[in-house]
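In what follows, a single structure is set out as structure tokens and then discussed.
The values are calculated or read from the model by the stated rules, or taken from the named source; none is laboratory data. Computed from a predicted structure; not experimentally measured. Methodologically, a virtual Cβ is constructed for each residue, glycine included, from the backbone with ideal geometry; neighbour enumeration extends over all protein chains shown. Side chains are part of the model used for accessible areas, which takes the heavy atoms of the whole protein and leaves out ligands, DNA and RNA. Shrake-Rupley method; radii C 1.70, N 1.55, O 1.52, S 1.80 Å.
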Amino acid sequence: GLEDQHKKTTPKADSYRDLIVKMDGHMETLKLVIKDAITNRVELDSVIHQYDYWISAFDPTGIRSVILRSVVNCINDYLKELCEVVMGGTFMVQLSSTKELKSKESINKLDIVVTPEGSYKSGSGGERRKIDLLLNLAVARLAKQTCGFAPNIVWLDECLDTLDLTASQHVIHALNLLDVSSVFLISHNSSIKAMLPSVLTVTKKGGRSYVQ
């Protein structure tokens, strides 16, 4: 009757205990999974933090920018000295290391700033030649003072040929200040011979070159 039916539909106490034990096992497993997930997240957060650091370090405003600004500042100091010697302070050549975009972001970019004449591109051939020479001399001095190495011999090919006599005198004076053993000037301008301590004349005849 009803009593038998009730017995059939009522679970035994052992079945509840088995179910509880089984669920406890599942809970312990889930706890371990959650613990591992938390540990992995902490490790991933650390890795992400490191990646974020290096991304920010090497973006245009990070380490590259700091190094670039430092180098540019040194070169600009040398350029200032050289401009006084070569240009007599009539105009100044400097490097600008950053440029702001319309989006207000900054990028690493080197620009040659010439004052008061304007820009390198708008200068005459003689002015550009002097600017090129100034930049090369400044970079050479920086290389020697930062790493202790620089060429002991300087070769300059026709660097004075577009300059007037006064400008050529200033350039030669600047070259005499270089800490090198020898400076060789290659030129087709015979008027600078009197400014130099020694001159070698190369002539070409019959397909051969002769040194006098």
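Quick rundown of the values:
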{"read-out": "Residue in region 73-83 that is of a type in the set (Phe, Trp, Tyr), part of a loop (DSSP other than H, G, I, E, B) and at pLDDT 75 or above present", "value": "no"}
{"read-out": "Residue 52 being over 22 Å from residue 136 (Cα atoms), out of contact with any Phe, Trp or Tyr (no Cβ under 7 Å at 6 or more places or on another chain) and modelled with pLDDT of 80 or more", "value": "no"}
{"read-out": "Scope region 136-179; condition open to solvent by less than 70 Å² (accessible area, probe 1.4 Å), within 22 Å of residue 113 (Cα to Cα) and either assigned to a helix (DSSP H, G or I) or of a type in the set (Asp, Glu) (or both); matching residues", "value": "137, 138, 140, 142, 143, 167, 170, 171, 174"}
{"read-out": "Residue count, region 183-206 (criterion: of a type outside the set (A, V, I, L, M) and exposed (fewer than 10 other Cβ atoms within 10 Å of the Cβ))", "value": "9"}
{"read-out": "Residue match in region 117-135 (condition: loosely packed, with under 13 Cβ neighbours inside 10 Å, out of contact with any Ser or Thr (no Cβ under 7 Å at 6 or more places or on another chain) and either among the aliphatic types (A, V, I, L, M) or not in a loop (DSSP other than H, G, I, E, B) (or both))", "value": "yes"}
